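Take a look at the structure below.
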Amino acid sequence: MLVDYHNFLMRYCGTMNDAFKNVFLLQFLMSIASASVSVFIFVQPGDWTNRTKFLLYFVVIISESSYYCVPSEIIKNSASELSKSLYESKWYNTDVSQFKKCIVLVIARAQKTINFSGYGLVYINLQTFIVICKTVFTFYTYLNSARKISSE
């Protein structure tokens with residue numbers, strides 16, 4: 001049953017990754033660019049109506065990025081639980097050597113991880129979400145320092 005579940009996850013996630021790899025890459029790049037500009041505009045002095053719009057836009061972009069990253073991390077962790085579950089089942093205590101060999105093969109096969117990526121350039125997971133957040137504020141700092149230099 002667990003093996004069938006793992007095989008299903010592998011096939012399904014492979015199909016999903018092939019269908020959405022361009023969306024994953026585009027989401028990564030666009031979220032960094034648009035969120036950086038949103039934060040930059042929000043921090044500028046001016047009308048609070050405009051600033052609030054850009055703050056809300058920033059929240060939406062970050063939420064959308066988490067919408068892709070969090071479920072992919074959950075699926076990845078779910079698939080990796082198979083090998084842990086099999087190993088913890090005390091399969092090594094059985095006397096049937098054929099059963100032991102089969103379980104070892106299943107554990108080895110289950111070590112293959114599921115990854116969602118945008119053409120292999122960026123992997124979509126929680127670590128990517130953190131990279132997006134860090135990069136947004138790095139670009140914001142760059143835009144802010146470039147504005148200060150140009151105003152001098």
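Every read-out reported here was derived from the displayed coordinates using simple, explicitly stated rules and does not represent laboratory data. Since the model is a prediction, treat every value here as computed from it, not as a measurement. So basically every Cβ, Gly included, is an ideal-geometry build from the backbone, and we count neighbours across all protein chains shown.
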Full extension from Val106 to Asn77: what is 0.36 nm times the residue separation minus their Cα-Cα distance, to one decimal in nm?
8.7 nm
Net lengthening on full extension, Tyr87/Phe8 (0.36 nm per residue, minus Cα-Cα)
26.4 nm
Net dipole in debye of the stretch 37-133 [+1 Lys, Arg Cβ; -1 Asp, Glu Cβ; about Cα centre; nearest 20]
320 debye
Remind me, relative contact order of the chain in percent, using alpha carbon pairs under 8 angstrom and six or more residues apart?
36 percent
At q = 0.13 Å⁻¹, what log₁₀ I(q)/I(0) does the chain have when each alpha carbon counts as one equal point scatterer in the Debye sum?
-0.71
Choose one answer from Leu82, Leu126, Leu56: the residue with the largest mean-square fluctuation in a GNM of the chain with alpha-carbon springs under 10 Å.
Leu56
Let me check against my output: what whole-number percent is the relative contact order of the stretch 79-152, with C-alpha pairs under 8 Å and at least 6 apart?
25 percent
Over all directions, what mean area does the Cα convex hull of the stretch 55-121 project, stated in square nanometres?
6.1 nm²
Per the 1/(1 + (r/R0)^6) rule, R0 = 25 Å and r from the Cβ atoms of Leu126 and Thr94, FRET efficiency to 0.05 is 0.10
Can you give me the distance in nm between label points at Tyr142 and Met16, each placed 7 Å from the Cα along the Cα-to-Cβ direction?
3.2 nm
If the limit is 29 Å between Cα atoms, which of Lys21/Lys101; Lys84/Lys134; Lys53/Lys76; Lys21/Lys134 go over it?
Lys21/Lys101; Lys84/Lys134; Lys53/Lys76
